[in-house]
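Down below is the structure, laid out as structure tokens.
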Amino acid sequence: MAQNLLIVESPAKAKTIEKFLGKEFKVASSFGHIRDLAKEGMGVDIKNGYEPTYEIPEEKMDTVKQLKKLAKSAEEVWLATDEDREGEAISWHLCEVLGLDPIKAKRIVFHEITKQAIEEAVKNPRGIDLNLVNAQQARRVLDRLVGFELSPILWRKISMRQNLSAGRVQSVAVRLIVEREREINAFRPESTFRISALFNVHDDGKISKLKAESPKKLADETAAMRFLQEANGARFTITDIQTKPAKKYPPAPFTTSTLQQEASRKLSFSVLKTMTLAQRLYESGYITYMRTDSVNLSQFAIDAAAAEITKSFGGEYSEPRQYKTKSRSAQEAHEAIRPTFFNKREIEGERDEQRLYELIWKRAVASQMAEARMEKTTVKIDISTNHEELVAEGEVLLFDGFLKLYMESQDEEPDEEHSGMLPPLKTGQSLALEEMVAREKFSKAPPRYNEASLVKKMEELGIGRPSTYAPTITTIQKRGYVEKRDKEGKERQFKVLTLKSGAITATTETEITGAEKAKLFPTDVGAVVNDFLAANFSDVMDYNFTARIEEEFDEIAAGKMKWAEMIDDFYKPFHKDVEQTINTAERASGERELGTDPESGKVVLVRIGKYGPMAQIGKPDDEEKPRYARLRANQSIETITLEEALQLFKLPRNLGEYEGKEVVASIGRFGPYIRHDGKFISVPKEYDVYEIGLDEAVTLIENKRKFEAEKNIRNFPEKDIHILKGRFGPYIKAGDKNYRIPKDKDAYALTLEDCLQIIETTPESKKRGGFKKTSKKNKWNTKN
């Protein structure tokens, strides 16, 4: 047995580290946390200093048992979990479970998994940093208190099934998305006109083109027409030419937040996917630690980057520099995210891992390259018939610098592109107008957040930390408060006035506006929960308050604040709000009256019901029971109109008859369907259940029949046993249970006895999904 046991968090990390250590070390994995707050009850003893009650989850029992066995046989136990608060807490929990002294424990940390870093860490072990542990405990306890006390209130006060929950950070993230959606809904686009002109520039018999624009916006079509009329026949003269040098500096190497943003823009990765891939890269030894607020690079990294730049691009491209962290919430003293070896441009692994590594490598290398140098020229053009002027801009790249390797992306693309090189021009020169255009432009609503821009906003506000961004965004989507989806654009007309050859023409053109991809939309449930929490728990939902809590966690980590006192300061006023809300707050459903149903004269309203957003005609105290209809997937109780709501009550629709039986279209709990002859056929997304016709419905019915016919291989109705064709091949269905058919059996030749034998000999399965567990007391035996 090895003399030393070194415990890390993941098997992949263990495998990488094991390559660097000799036979004296055995490297084992804890598979993340080995303990958590007890699931029964609150798991926090409020009366005794908020003492947490920890337990080992059932799924971690075998892991803990194995670690205890290895620790007992080893002379020394080393703890090499991640170097952040979460990692420090895992090491502390290991000490508690394995009976190690946290002060005397051999705790080692490193921000990259290389032979040099591991060996250096082993030479410099330390004890557990209890301040970091306390900061993690404070976060965990506070989040449990908030969730434990708020969630039951939501179950009682909101008309929805009981799976609602609230969280200190997740609820504030939802608030950001809800508020942005309401900004967009309230936005009304305003139109203005922009003037652009195209000139012919004559030089030594050659004709070049020069594009110029008016820096001012014109209020309406009348002003635009007046501008063109005045310009018709005017003289256009260059009055000023200014040429200035300009520089563009490379962006800093990645932090957790900027990596998530850029991977979203360039690679279309979700925040969770980015962090999962980055974790793999780190554990494989390809990059430094991926949860960091820092943009600093070590001197070793700066020197290594300079050597690689000089070798690949030349010495003039190298410009070593150090960056300063701008984030007010910067927490850990890590390096920025960078490749462990700058001379390694490519790695082995899955394609997406390679793509993310390439992005990290390019960003880190570019940060140490020279700035790009360019020359910007601005030309001002006088119009003889009025006091306005036109401006032409050009940009010439003199030295590409870091742009040779990397260009940072933006969340929103600029409206206008930079002009290229301008033709030879001089002050006093006259220009010949080819055409002048006044184009109608519309103001834009604020953009919806995508995952990456939401992370950016949370970081700006000081909400959350690098380790919390991905799980927060994942949680609010899993809870059904937010959904990520695309939005189709709408066609919009705009006017164009063109002055050419002395005549002005007016045309109307069309454009697609409002199209969005992978943006975050609040659900109606998310909006109602947000409003309820904002009305009753203003502190918890306040951005500054949430950021201050994060700062207090930082103070605990620095040993400047006692964590139990910090929790107490938060909990006492919070608990009073909880008690008051339970006793006084009204139930919330987001109810909104839309108007009156013209047929019945009853009120039409929308609200959150038991199964989600719904429309309702009539009220419970009316003589007749109210009628209900579910809202469609793209509708919201905040924006739906009376006409749209009444349309929902056209279901069920009788489409006619087929084979002498009625065909009905409707929507049920599981979505839109066609009903015919007692059978239900799902309506695919490409059809609108409110508009589908009889012919289309018959096609769906026949397709369903064909599928069922091909699916059904053989039936034994006397035993309720069927041999069916499924997604993964033929299988046996007995009652409500499914059984695999052995590979050496021909499904088409099986007899009833063969099926019963397979059912009887199939062992109980512990696997989830695919096929259901079989019971030990199997009623499908040959004696039945």
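The values are calculated or read from the model by the stated rules, or taken from the named source; none is laboratory data. Here the structure is a predicted model, which means the values were calculated and not measured. When we count neighbours, we look across all protein chains shown, and the Cβ atoms used for this are built from the backbone with ideal geometry, even at glycine. Just so you know, the surface numbers come from the protein's heavy atoms only, side chains and all, with ligands and any DNA or RNA stripped out. Shrake-Rupley method; radii C 1.70, N 1.55, O 1.52, S 1.80 Å.
Worth a mention:
- Contact order for the chain, expressed relative to its length and based on alpha carbon pairs under 8 Å spaced 6+ residues apart, stands at 11 percent.
- Arg373-Phe649 pseudo-label distance in nm [points 7 Å out on the Cα-to-Cβ vector]: 7.5
- Top positive-direction residue, dipole computed over the chain with Cβ charges, set Ala74, Val391, Gln647: Ala74
- The portion of the accessible surface of the chain made up by carbon and sulfur, rounded to a whole percent, is 47 (1.4 Å probe; DNA, RNA and ligands excluded).
- When the convex hull of its Cα atoms is viewed from all sides, the stretch 172-324 shows a mean projected area of 18.0 nm².
- Straight-line cross-link reach from Lys26 at under 30 Å between alpha-carbon atoms covers these lysines, not counting any fewer than eight positions away in the same chain: Lys13, Lys15, Lys60, Lys65, Lys68, Lys69, Lys72, Lys104, Lys106, Lys115, Lys123, Lys344.
- Volume in Å³ per residue [convex hull over Cα atoms, computed for the stretch 338-470]: 230
- Calculated FRET value between Leu398 and Glu509, using beta carbons and R₀ = 51 Å, to 0.05: 0.85
- Per residue, the convex hull spanned by the Cα atoms of the stretch 193-279 measures out at 228 cubic angstrom.
- Shape call, the stretch 657-752: gyration tensor on alpha carbons, a/c limit 1.5: prolate
- Prolate/oblate/rounded label for the stretch 495-647 (Cα gyration tensor, a/c 1.5): oblate
- Average Cα contact separation per residue, the stretch 1-144, under 8 Å, 6 or more apart, as relative contact order %: 24
- In the stretch 388-544, the ratio of gyration radius to Kirkwood radius, Rg to Rh, stands at 1.12 when only Cα atoms are counted.
- The tail of the calculated P(r) for the stretch 452-510, taken as Cα-Cα distances beyond 12 Å, holds 78 percent of the pairs.
- Accessible surface, per residue, of the stretch 103-235 when the full set of protein chains is kept, probe 1.4 Å, Å²: 48
- By the Cα gyration tensor, the stretch 269-320 has an equivalent ellipsoid whose semi-axes, rounded to whole angstrom, run 27, 12, 11 from largest to smallest.
- Based on C-alpha pairs under 8 angstrom that are at least 6 apart in sequence, the stretch 121-246 has a relative contact order of 13 percent.
- Per residue, the convex hull volume that the Cα atoms of the chain enclose (Å³): 279
- Accessible area per residue for the stretch 654-733, computed on protein heavy atoms with a 1.4 Å probe, is 65 Å².
- Shape category assigned to the stretch 279-382 from the gyration tensor of Cα positions, a/c cut at 1.5: prolate
- Look at the dipole of the chain built from charges on Cβ: of Tyr731, Ile302, Asn200, the Cα furthest out on the positive end belongs to Tyr731.
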